[in-house]
Each structure stands twice: as structure tokens, then as C-alpha cells.
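Enquirer: This is the structure I have questions about; it appears just below.
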């Protein structure tokens, strides 16, 4: 049993001022209690913000070289504990250890710190235009609110640019992913992050989120979560005219063109959708295929799912682990039942527990076909291993269907050439598009249009969220003559 009963505030682990409740951390593969997490209250959030505020002035004035050394130290400490981090992520949210936690989930955090180091060395923190010197300065105290599905990815892509740009911060990680966050705080402490620069507390989002978002000493709020949570943060931050960065939900379309390598495109789309048990905001959950090839797509999709091993996330051959928590498990199963009720054709999977899983929040990889754009499973984010296949008649129609969504996070296009795929991608109203199976790029902007969020993370674009712009007019001599 693990206990997460202290918060990291002002450079040390401290007892909460007030514990609103004790959250039982559940191993999603067994449904057994794996630990206890103390959830703090308003006063704990205020104390963390005040610590960050006290530290800001001195830290904001540190030389860039000093901050780069700090990130290098963090990278070194993170690498030492990479194995522990993978184990923690598997225990808390069920990511398959050998297929996901070790090769992707844990290394993503380290990857963002290394990317931030590379970006910072060439970032134009100062530049001259005529007689004006333009400065990029830290925005101030940042409240960072993160979810459970890719815990280190979503923590590190906020903390790394915040640290290197000179901001101080309060992190509120999800109580459903407490162990990786605790380990992350230990890594930063061991790396020598100055007192008060990084603070972390656990708490219920509905309690702590509004406190952090509305606190007068908080200058910027960055949240990754649901669209509903994003709206709540925006409302709470509005009176203070705070900067708000939101990375929210998605319902990404995957368009397979007639010219594509069909077997590769459909197979890749299904495998990508089911990765991380479908719990990725950019998952390609709507697969559009030419109507004339629908049956072929169905056969490929069913065959791919039949090969996927669902079960113990610590077993070497497991590809799909459990849903991360009971609340999300019940939602996913409910959405599968909705798809059946609304008349979609169930190709494989379904709401029943997978064979060989007497306990745990396991869901079969599920594929629906003959789905219509108006169906619930085609419009709402499910956040589980559930794929909808939608047939289309012509390219103009499928582009309209792909864009007919309140979300606009990511998109996927497969075609016979990059030129054709790119032409379709340019017409999609999304913040990102993967062409012919391209993977993610940590240096590229990550974020979306419409209800998928505001702002961008990752790489140079992620720096912009944590910087203000100051113009020193007349700071440079006028050109001679």
C-alpha cells in the first residue's frame, strides 16, 4: 500500500492544512486498493500559490544558463528513475508495462524536458527591431492542472517550458494518477529546483480548480482535461483577466482515401485508436472509408482487434490494459451499449468483460461499422477502445463530415501520395493532422480548434504560453544618417 498524504510546497513535503477527503487509489487491473491520497482544501491551494509568488521575483531574474543547468539536472535525475516511473504509471492507470509504460508513457516526460532544453538554446528571448528591443519575459505564477491518461506527458509539457522561461508554479495532478506525480516531485527536488518554484498538491478538481484559477496571485492557468473542466477554469479565471491555456477533448477523424494502401491505412488506424486503451484525446476514433470498400475495412479491423491481447498490464504480450478508473469504465461500457441501441453494426467487442479478466476495468477492443455522423458514438468523445467506421461516397462529403464536430484537436489522412494527403489535411479544421501514419512530433505545436482548446503546447509553441512580451522603445540607437 502506498500513501500520498503530503504535499510538496515551498521546497519540502508538508502535511496538508486541511484534508477534505481521503481518496482510495484503485489498481484498475485488479480493483484492489493500492494506496491512499490526501485531497487538500482551499487553504492548501492558497499556501502553494503564495509560495510560488514569493519565489517568482528571484527565479524570474535567474540567467538563462542557470535555468538550462537546472533542466539538465532534472533530465539526469529523471533518467535514473525511468524504470520506477514506468512502474508507477502502470500501477496507477493500467498502461501495459512492456508495450506502453516503458517505451512511451514514462519516456514522454523526459522527452519534453530534452525538447525544452533544445528549444531554449535558440529561442529569441530578446530581439531588436529598429530602435526597439523586444523582450520575452515569464508570465508569472502558473497553475497547472493535469489529467490521468498520459500523466508524465501532460505534466512535463507544462512544467518544462514553465521552468525554462522563468515561471513559478503550482501543479495539481489527477488523484487518479498520484504515484507518478509524487515521483516527479521527488525528481525535481533531487535536481535542485529552488524553494517555492515548483509546488504540488492533490485535490478534487471541483474544489481546487476554481481556487487556483481565481486566485489573484495566479497569472496563468494551464489545464489539460475535459471540455467541461475547461469551461469551468475559464469562468473562474475571467474576473482576473488571466491567461488561460486549454488542451481539451477530441473526436478525431481518420480519412482513408481511395488511393491509400488500404490494408496498411486501416490497420494503422485501428491500432492507433486502441493504443493506451483508447484513452488519448487525439485518438482517431472516426474511421472514414470509401463506401465501396466498407466490407474490406470491416475484415481488416476485426482481424487487427482479434490479435490484440487484453489483460494483465504487467504481462509482456499485453497490448490493451484496463480503463484507468471505474468512472471512466462505466462511461465507456455505457457508450458501447448506446451504439448498439442506436443501430450501429457491432463488428467485434461489445460491453461484456473480455475473457480471462474476472476483475479489473477491462473493455474489449470494440469496432462499430455502418455508423452515421448523427449517432452518439460518432459525436461524443468516448475515451476508450471504441472505433466507429463510417462509409463515405466522395471526398467533398467526407471533408464536410470530418469537420462537422464541436471538436478540432487532431486529424489523420491516408492517401497514395503525401501531396494528396496534404491537400485533404489543409481543409480539416483541426490543430494537427497526421499524414500517412506519421507519429507525434514533440517539437510541433500540440492543440486544437473549437472546443478542443485554446493555445498550444510542446516545443517552441509551448514556450509562448508562458511568456509575456515587452517592448523597450528607444532602447537602441537610431541608424546613422
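Enquirer: So in segment 186-210, with the set limited to residues that are under 20 Å from the mean Cα position of the chain (by Cα) and surrounded by fewer than 24 Cβ atoms within 10 Å (Cβ to Cβ), which one is farthest from residue 77 (Cα to Cα)?
Expert: 206
Enquirer: Tally up the residues in segment 339-369 that are part of a loop (DSSP other than H, G, I, E, B) and either within 26 Å of the chain's Cα centre (by Cα) or closer than 24 Å to residue 312 by Cα (or both), please. Step through it out loud before you land on a result.
Expert: From segment 339-369, those part of a loop (DSSP other than H, G, I, E, B) are 342-344, 349-365; that's our starting set.
With either within 26 Å of the chain's Cα centre (by Cα) or closer than 24 Å to residue 312 by Cα (or both) added as a condition, the list becomes 349-365.
So the count comes out to 17.
Enquirer: Looking only at residues in segment 275-303 that are more than 28 Å from residue 396 (Cβ to Cβ) and in contact with a strand residue (DSSP E or B) (Cβ under 8 Å, 6 or more places away or on another chain), which one is surrounded by the fewest Cβ atoms within 10 Å (Cβ to Cβ)? Before the answer, list the steps.
Expert: The first filter runs over segment 275-303 and keeps only residues more than 28 Å from residue 396 (Cβ to Cβ), leaving 275-280, 302-303.
When the remaining residues are screened for being in contact with a strand residue (DSSP E or B) (Cβ under 8 Å, 6 or more places away or on another chain), the result is 277-278, 302.
Values: 277: 32, 278: 23, 302: 16.
Step by step, filter segment 275-303, then rank; the result is 302.
Enquirer: Next question, about the same structure. Check whether at least one residue in segment 131-138 is closer than 16 Å to residue 460 by Cα and crowded, with 21+ Cβ neighbours inside 10 Å, and report yes or no.
Expert: Yes, segment 131-138 contains at least one residue that is closer than 16 Å to residue 460 by Cα and crowded, with 21+ Cβ neighbours inside 10 Å.
Enquirer: Right, here's the next one. Can you tell me which residue among 343, 350 is modelled with pLDDT of 95 or more, buried (at least 16 other Cβ atoms within 10 Å of the Cβ) and at positive phi? Spell out the reasoning first.
Expert: On the way: 343 fails: buried (at least 16 other Cβ atoms within 10 Å of the Cβ).
Answer to the selection: 350.
Enquirer: Yes or no: residue 109 surrounded by 15 or more Cβ atoms within 10 Å (Cβ to Cβ), out of contact with any strand residue (DSSP E or B) (no Cβ under 6 Å at 6 or more places or on another chain) and at positive phi? So that I can check it myself, show each step before the final result.
Expert: Values: surrounded by 15 or more Cβ atoms within 10 Å (Cβ to Cβ): yes; out of contact with any strand residue (DSSP E or B) (no Cβ under 6 Å at 6 or more places or on another chain): yes; at positive phi: no.
It is false that residue 109 is surrounded by 15 or more Cβ atoms within 10 Å (Cβ to Cβ), out of contact with any strand residue (DSSP E or B) (no Cβ under 6 Å at 6 or more places or on another chain) and at positive phi.
Enquirer: Based on this model, can you work out whether residue 29 counts as surrounded by fewer than 20 Cβ atoms within 10 Å (Cβ to Cβ) and at pLDDT 95 or above?
Expert: Details: surrounded by fewer than 20 Cβ atoms within 10 Å (Cβ to Cβ): no; at pLDDT 95 or above: yes.
For residue 29, the condition - surrounded by fewer than 20 Cβ atoms within 10 Å (Cβ to Cβ) and at pLDDT 95 or above - is not met.
Enquirer: Still on this structure: Let me confirm something: among 275, 260, which residue is farther than 24 Å from residue 56 by Cβ and not in a helix (DSSP H, G or I)?
Expert: Working: 275 fails: not in a helix (DSSP H, G or I).
Just a single option satisfies the conditions, and that option is 260.
Enquirer: Also, I was wondering about something else. Looking at segment 466-481, which of its residues are out of contact with any helix residue (DSSP H, G or I) (no Cβ under 8 Å at 6 or more places or on another chain) and at pLDDT 90 or above? Give the derivation first.
Expert: Step one: of segment 466-481, the residues out of contact with any helix residue (DSSP H, G or I) (no Cβ under 8 Å at 6 or more places or on another chain) are 468-481.
Within segment 466-481, 468, 469, 470, 471, 472, 473, 474, 475, 476, 477 qualify.
Enquirer: How many residues are in contact with a strand residue (DSSP E or B) (Cβ under 9 Å, 6 or more places away or on another chain) and either surrounded by 18 or more Cβ atoms within 10 Å (Cβ to Cβ) or within 25 Å of residue 95 (Cβ to Cβ) (or both) when one looks only at segment 253-274?
Expert: 15
Enquirer: How many residues are closer than 20 Å to residue 108 by Cα and in contact with a helix residue (DSSP H, G or I) (Cβ under 7 Å, 6 or more places away or on another chain) if we restrict to segment 175-199?
Expert: Total meeting the criteria: 13.
Enquirer: Would you mind listing the strands (runs of 3 or more DSSP E) fully within segment 66-159 where at least 2 residues are in contact (Cβ under 8 Å) with a residue 24 or more places away in the chain and more than 21 Å from the chain's Cα centre (by Cα)? Let's see the steps before the verdict.
Expert: Details: elements: 126-129, 132-138, 141-145.
Here the list reads 132-138.
Enquirer: For residues in segment 44-84 being closer than 17 Å to residue 144 by Cα and out of contact with any strand residue (DSSP E or B) (no Cβ under 8 Å at 6 or more places or on another chain), which is surrounded by the fewest Cβ atoms within 10 Å (Cβ to Cβ)?
Expert: Here is the first cut: in segment 44-84, the ones closer than 17 Å to residue 144 by Cα are 44-53, 55-56.
Those still in the list that are out of contact with any strand residue (DSSP E or B) (no Cβ under 8 Å at 6 or more places or on another chain) too: 46, 50.
Details: 46: 16, 50: 18.
Across segment 44-84, the extreme among qualifying residues is 46.
Enquirer: Give, as residue ranges, the helices (runs of 4 or more DSSP H) completely inside segment 370-457 that count at least 2 residues that are without any contact (Cβ under 8 Å) to a residue 12 or more places away in the chain. So that I can check it myself, show each step before the final result.
Expert: On the way: elements: 376-379, 395-403, 418-425.
Where helices (runs of 4 or more DSSP H) fall fully within segment 370-457 and carry at least 2 residues being without any contact (Cβ under 8 Å) to a residue 12 or more places away in the chain, they are 395-403, 418-425.
Enquirer: Moving to a separate point now. Do you know which residues across segment 219-242 are buried (at least 20 other Cβ atoms within 10 Å of the Cβ) and not in a helix (DSSP H, G or I)?
Expert: 219, 220, 221, 222, 223, 224, 225, 242
Enquirer: Over 19 Å from residue 221 (Cβ atoms), touching a strand residue (DSSP E or B) at 6+ places or on another chain (Cβ under 8 Å) and not in a helix (DSSP H, G or I): does that describe residue 36?
Expert: Numbers: over 19 Å from residue 221 (Cβ atoms): yes; touching a strand residue (DSSP E or B) at 6+ places or on another chain (Cβ under 8 Å): yes; not in a helix (DSSP H, G or I): yes.
When the stated conditions are applied, residue 36 passes them.
Enquirer: Exactly one condition in (1) buried (at least 20 other Cβ atoms within 10 Å of the Cβ); (2) assigned by TED's automatic domain parsing to the domain that holds residue 457 is not met by residue 216; state its number.
Expert: (1)
The values are calculated or read from the model by the stated rules, or taken from the named source; none is laboratory data. Nothing here was measured: the structure is a model prediction, and the numbers come from that model. Positions of Cβ are backbone-derived with ideal geometry, glycine not excepted, and every protein chain shown enters the neighbour counts.
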